[in-house]
Amino acid sequence: MTQLSRRTVLGGSLAIGALARPAIAQGAPLKVGLMLPFSGTFAALGENIAAAFELCLTENGGKFGGRAVTLVRLDDESDPAKAPANVNRLLGRDNVDALVGTVHSGVVMALVQAAKEKEVPLFIPNAGNVAATRDLCSPSVFRSSFSNWQPAYGMGKVLAAKGVKKAAWVTWDYAAGRESAEGFRDGLKSGGAELTHVLTLPFPETNFQPLLAQIPGLGVDAVGSFFAGGGAIQFVKDYAAAGLRDKIPLCGSGFLTEGVLKAQGAAAEGIQTALHYGDGLDNAKNKWFREAFAKATNRSADVYAVQGYDAGQMLAAGLAATKGDAAAVKALAAGIRATKIDSPRGAFTLSASHNPVQTIWLREARNGENKVIGPAAEALADPGTGCKMPV
Amino acid sequence: MQNAGVSTFLAQLLNGLQYGLLLFLIGSGLTLIFGVMRVINLAHGSLFMIGAYLAYVVAGWTGSFWFALPAAISGGILFGTFLEAALFRRFRDREHLDQVLLTFALILIFEEARSILVDNQFHSVAVPELLDFSIPIVGGFAYSAYRLAVLAVCLAVAGLMVLVVERTNIGASIRAAAENPEMVGLLGLDARRIHMLVFAAGTALAMLAGALAAPLQSVYPNMGDGFLILSFIVVVIGGLGSIGGAFWAALLVGTIDTLGKAYVPQLAGIAVCGLMALVLLVRPSGLFARG
Amino acid sequence: MKSATSRGNTFLALAGLAVASMPFWATAYHMQLASTALILSMFALSLQLLVGGAGLVSLAHAGFFGLGAYTIYLLGPVSILISLPVAALTAGVAALGIGALALRTSGFFFLMTTLAFGQMLFFLFHDTPLGGGLDGVFIQRPDTIWTISKAQRPTVFLLLNLSVLAAMYAGLWLLMRTLFGRALLGIRANEHRMRAMGHPVQRLKLAAFTVAGMLAGIAGHMAALTDAFIAPDLLGWHRSAEALLAILLGGIGFLHGPILGAFALTLLEELSPLITERQRLVEGAVILAAVLLLRRGLAGIGR
């Protein structure tokens, strides 16, 4: 597998623009742009996604659909204001044939925009904005991860089944937070329970005290939340320190306890979350994947790695159908939708709006692991509201 | 429900007090540096970030958070002395534009150094074991002992600062310098020593605040950004160079920010800036400025 | 602040022609890159009226830029003939209000208050649903005058941005020649003297603050139109600092300095990632070099 070196990119960028590039011949390698955060808060996520994508490519002998693949890495810095320029770099300067990206839900909007306009296939390996597979859906946009709505829906459904009547949702005030609140609400509603309060604070602040002080007075049976990374660590610890853990159970979208259990320590013990992946999911593919990923990177696989790997599998399935032609977007989409993706999370297919139809697992934090208890919602599809996919 | 509303409100006031006191540690250093040296320092928030990361690193090395506090204070004094001697002393004669850009460059360099020396991750810092328990406050809401201890430490530091600035000879020189920087030379005071002292103290305070906040807020890249703006507002409301002014302004800003986040979360940031606008309308030199 | 000499004006005219001829020899990507530089030029040029003109260093300027950008989103798809004046007006009104308050202070306080007011505008779009949230929003590009195909877009926007920048530069060039412009320079040189001579210093400053805000709004409007995507980060004070850097790098003493600075920064931002991923170090080093070594900026080299 070759990765385009900095020098080649430099040469490409400085080459006089008028030098026309040869039309994409079947023999020429296919260029895939990995636009991911390689610096900043989400750097670790970007690295795992990229490494797993490369793992998938290596597994396929460096070829998808019979065509050699080269990767172009670009650090998006998780900066939405720089996103349009960064997408331009990959499409205009590096002439990539397909895009993979990204983590930040603002930056991904610029990718979706470009993928729609220029009809370049885009694979979203994390960002869960519902819009990407709802009103902004497009034949060229695919998601290998989840919609923010899905995990929270699973959690709400489980709570309602347990007899919870009223619940609150605590989150950062941004798209992922609001959309997960909607999922939680719909999940609760499916079992006759109600979401009575949504408490928010500006992203990425971690001063949770003003929110926590309100919780005892809300009169709810359970509190759900969507936080990730450092916010998740701090929120779980502060929730326990505020003396709320034993009074009103805390639960959440799986990111609340994903990759942060060690730092949360005892405060996280017993917290139930819902996600499309869990530690120790018992299937052969997961076992193989975790071993292969650890061997390739010396790191443990996580949900982000799974999503990156599956982005590779989806691209491979599409290119197999078009014999390596990424520009034949319709045939590519048909190929991907006809394939059952053999994911470490369990096999899944794509919905008509190109979001995974997948099982959301209920997990419980025990001794530093998110133990899978069972399915919270099986074969759950995002509603895909407002998606008008041209056929 | 009425009762729950009242006890929640009381808990929020306590949150505001605690947040405001932390703000005071950052803002008081800033107001002294502005007041005495007349140097703008946009990197003051980064000093807070450095203090927090230092606490994270030291606590990790030694296995105990207790070493983090003296490390932050002594590290702050050393670092502040170095910064003053190597850079800020020279920035004083520069135009505002240069000062803004030079200290903006410092922010970038500090953040990159943090990225190289530590990493880009969020990190949680464990509360010291001795204080790892909670005390019920009001209406089913508890406060961690550590949070209460931070509140007490901030209060103690504030008292100490008022004492030093208002009652000692050094304090008198600082006050004289803050009121009229040109006077210092005329009075035969050693301006260089006062500048170095003030800058070192301001740096140490910001880094101490960062270290204290580390177990409360986690450490993460750019964590000083929000505090920079808030502490600027504290300086404007409190009046340049006024420790007492900074104290009351910090409590006011902390309380309004907390109540805003609790009751109108989307307008909290705007509310604090609005407060500053109001003060500027009424008293452009600061609400608590002398005279 | 000097306007460009005849030599400088010849250079600017040639550079303008070179940019205008890009559709004949450059790729779409390089034209988009040039558009980015043109927009940063407009933004920095608008701030130059304050910095090089009246001697006011404002950190709220990105707020007005962002307001101009968000005007397009808030208006919905309308003709540029409507959105451009509305963007200028919105940013101008905000600048008038903020300037009226901030100019009650001076020196450090002015810096600090503009920083806080700029952040207030940032919070307005970052924390409230007004502008579609912190993840940013797409702009539905209006079909202006004629329908622009995707392939034509880079060319059309390049020429449009070039025209707007040229108009802005010409306008400021003329403005600095009026009594108003001379009075501003007088304030920068010696405010007390101007006041003693009976000039309405406060009003002059407020007028400059407002005009600069309007021009920043126009720059933001063009940015939104060109990129078709806007995010609250456009309003953050870091962007104001970047514009200040463009001014200082280009040459604070020259009206055309910000344009040189903006092009130099854009080029640097394009090329330096190829050498190192540590972008902040590069930017920090450039600032140090500009402040400590290049006192008169690029425009002052060889003078």
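Annotations
- Taking the range A:240-281 as the range and being within 13 Å of chain B (Cβ to nearest Cβ), among the aliphatic types (A, V, I, L, M) and assigned to a loop (DSSP other than H, G, I, E, B) as the test, the residues that pass are A:A242, A:L244, A:I248, A:V260.
- Among residues of the range B:247-291 being assigned to a helix (DSSP H, G or I) and away from every other protein chain (no Cβ under 13 Å), the one that is surrounded by the most Cβ atoms within 10 Å (Cβ to Cβ) is B:A250.
- With respect to (1) out of contact with any Pro (no Cβ under 8 Å at 6 or more places or on another chain); (2) more than 22 Å from A:S190 (Cβ to Cβ); (3) in the same structural domain as A:A44 (by TED's automatic domain parsing), the lone exception for A:K388 is condition (3).
- The sole residue among B:P181, B:P215 that is under 21 Å from B:D93 (Cβ atoms) and in contact (Cβ under 8 Å) with a residue 24 or more places away in the chain is B:P181.
- Of all residues in the range C:220-232, those that are within 10 Å of chain A (Cβ to nearest Cβ) have Cβ atoms under 7 Å from Cβ atoms of residues that are surrounded by fewer than 24 Cβ atoms within 10 Å (Cβ to Cβ) and among the small types (G, A, S), 6 or more apart or on another chain, in C:P232/C:G131.
- Residue under evaluation A:A127, criteria (1) within 12 Å of chain C (Cβ to nearest Cβ); (2) of a type outside the set (V, I, T); (3) assigned to a helix (DSSP H, G or I), criterion not met: (3)
- Search result, residues across the range C:58-80 that are in contact (Cβ under 8 Å) with a residue 12 or more places away in the chain, surrounded by fewer than 24 Cβ atoms within 10 Å (Cβ to Cβ) and of a type in the set (A, V, I, L, M, F, W, C): C:L74, C:V78, C:I80
- Single residue of A:N129, A:N86, A:N60, A:N95 found to be under 18 Å from the mean Cα position of the chain (by Cα) and not β-branched (V, I, T): A:N129
- Figure legend. Inter-residue proximity from the range B:61-84: first residues charged (D, E, K, R), second residues surrounded by 14 or more Cβ atoms within 10 Å (Cβ to Cβ), beta-carbon distance below 8 Å, spacing 6+ or different chains. Indicated pairs: B:E84/B:H195; B:E84/B:M196; B:E84/B:F199; B:E84/B:A200.
- Matching residues, the range B:128-174, being part of a strand (DSSP E or B), touching a helix residue (DSSP H, G or I) at 6+ places or on another chain (Cβ under 8 Å) and not β-branched (V, I, T): B:S134, B:F141, B:A142, B:Y143, B:S144
- Within the range B:92-127, restricting attention to residues that are within 22 Å of the chain's Cα centre (by Cα) and under 23 Å from A:L261 (Cα atoms), the residue that is nearest to the other protein chains (Cβ to nearest Cβ) is B:F122.
- Filtered residues of the range A:111-131 (kept if over 21 Å from A:G229 (Cβ atoms) and without any contact (Cβ under 8 Å) to a residue 60 or more places away in the chain): A:V112, A:Q113, A:A114, A:A115, A:K116, A:E117, A:K118, A:L122, A:A131
- Among the residues of the range C:93-121, those identified as in contact (Cβ under 8 Å) with a residue 24 or more places away in the chain and more than 7 Å from chain B (Cβ to nearest Cβ) are C:A94, C:A95, C:L96, C:I98, C:G99, C:A100, C:A102, C:L103, C:F110, C:T114, C:G118, C:L121.
- Check on B:V162, modelled with pLDDT under 95, over 23 Å from B:V219 (Cα atoms) and away from chain A (no Cβ under 14 Å): yes
- The lone exception for B:I135 - which of (1) touching a strand residue (DSSP E or B) at 6+ places or on another chain (Cβ under 6 Å); (2) buried (at least 22 other Cβ atoms within 10 Å of the Cβ) it fails: (2)
- Taking the listed residues B:D190, B:D225, the one that is within 10 Å of chain C (Cβ to nearest Cβ), surrounded by fewer than 24 Cβ atoms within 10 Å (Cβ to Cβ) and charged (D, E, K, R) is B:D225, with no other qualifying.
- Within the range A:29-40, residues that are without any contact (Cβ under 8 Å) to a residue 40 or more places away in the chain have Cβ atoms under 7 Å from residues that are outside any strand (DSSP E or B) and buried (at least 20 other Cβ atoms within 10 Å of the Cβ) in these pairs: A:F38/A:G46; A:S39/A:E77; A:G40/A:E77; A:G40/A:S78; A:G40/B:P221, counting only partners at least 6 apart in sequence or on another chain.
- Matching residues in the range B:128-147 - criterion: being in contact (Cβ under 8 Å) with a residue 24 or more places away in the chain and either more than 12 Å from chain A (Cβ to nearest Cβ) or under 21 Å from the mean Cα position of the chain (by Cα) (or both): B:P128, B:Y146, B:R147
- Candidate set: the range A:206-256, residues that are touching a Ser or Thr at 6+ places or on another chain (Cβ under 9 Å) and among the charged types (D, E, K, R); chosen: the one surrounded by the most Cβ atoms within 10 Å (Cβ to Cβ): A:K237
- Residue in the range C:253-279 that is nearest to the other protein chains (Cβ to nearest Cβ), counting only those that are touching a residue at least 60 places away in the same chain (Cβ under 8 Å) and more than 14 Å from the chain's Cα centre (by Cα): C:E270
- The single condition among (1) of a type outside the set (S, T, Y); (2) surrounded by fewer than 24 Cβ atoms within 10 Å (Cβ to Cβ); (3) under 20 Å from A:V357 (Cβ atoms) that A:E194 does not meet is (3).
- Subset tally (residues that are at pLDDT 95 or above, buried (at least 21 other Cβ atoms within 10 Å of the Cβ) and more than 14 Å from the chain's Cα centre (by Cα)) for the range C:150-173: 1
- Extreme residue, nearest to the chain's Cα centre (by Cα), among residues of the range A:219-239 that are over 19 Å from B:F133 (Cα atoms) and at the interface with another protein chain (Cβ under 10 Å from one of its Cβ atoms): A:A228
The values are calculated or read from the model by the stated rules, or taken from the named source; none is laboratory data. Since we're looking at a predicted model, the values are computed, not measured. Backbone-built Cβ (ideal geometry, glycine too); neighbour counts: all protein chains shown.
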